[in-house]
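Laboratory data are not the source of any read-out in this text; all were calculated from the coordinates shown. Please read all numbers here as calculations on a predicted model, not as lab measurements. Cβ atoms come from the backbone with ideal geometry, glycine included; neighbour counts cover every protein chain shown.
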């Protein structure tokens, strides 16, 4: 009899919990949607980098028959979008400005050297701040050069790769700059979500009825989120420098970008706190917002790996501008004027999210 009662009690408790779970429609929705979003985003990424969306400059003598033949073979792969330029200096400037992702330089006298049986070296200059795209472009060029060589005997053409910013194809600086931005985001949002915990424990009510302005309470949460985001990001920077020798160039500007990013994401945390009823729901909203943002903002993989329409969507997320600014400073050695637009966009996100979040929070807690 005791065993039977224990089993029935267990079934009753299970039934009660299942019914309670079914009532949490938002939580169920988030539980189902997050894996689906993950599958979609990973399928976009691992479907292959769209090199047709990553233009490459080509420099050659347009009267050179063999040079034109090699350029035509490159173009016919439909894997490289070639942009003709007049000089190697012009091609390198396009590469520095981020308008192309590689520069192919076919030397003058290409046909005559081949006719004379002399070796010819095709130079490939790559933007190594984006190592995955650089590696993919290099692979396509080398394959086409091998196909071109197969039509001649002896095989005289070689492709020599050079790199714009460093030793080339190093993924660690690319990843480190993205992780710094991501850490600032998670640190700031999670700290701001403490509002939900305080609401559930009723300590937020006590703060709001105390002789302290509600706006001061919100600003205190914001400052705590900023401190958390900046501190954790600096730890990532130090670890990257110590463990992987990632150079910390223009550190004051890097800290400024992280500081402004943390300000922005704290505002997002406050907004989540306004709509979430309890800590579990807040965690679900946080995952729904944060992880898709990570995968479409270039933290782990370049934006060019995404379909064109999704690249436009990613521009709606502040993390994109944080990552771009950090990569421009940490890898390319750019200055304040080069990342000014990214900082302005982050400031707009910060101001709008904090204004909306603080107003809604104050109104909801003082009704």
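Send over the Kirkwood Rh of the range 51-163, from the inverse of the averaged 1/r over different Cα pairs, rounded to one decimal Å. About 13.9 Å, per the Kirkwood formula over Cα pairs.
According to the Cα-based calculation, Rg over Rh for the range 171-365 is 1.00, with Rh computed by the Kirkwood formula. Taken as Cα centroids, the range 286-301 and the range 51-104 sit 33 Å apart, rounded to the nearest whole angstrom.
A simple spin-label model places the labels of residue 231 and residue 251 1.9 nm from each other, with each point 7 Å out along Cα-to-Cβ.
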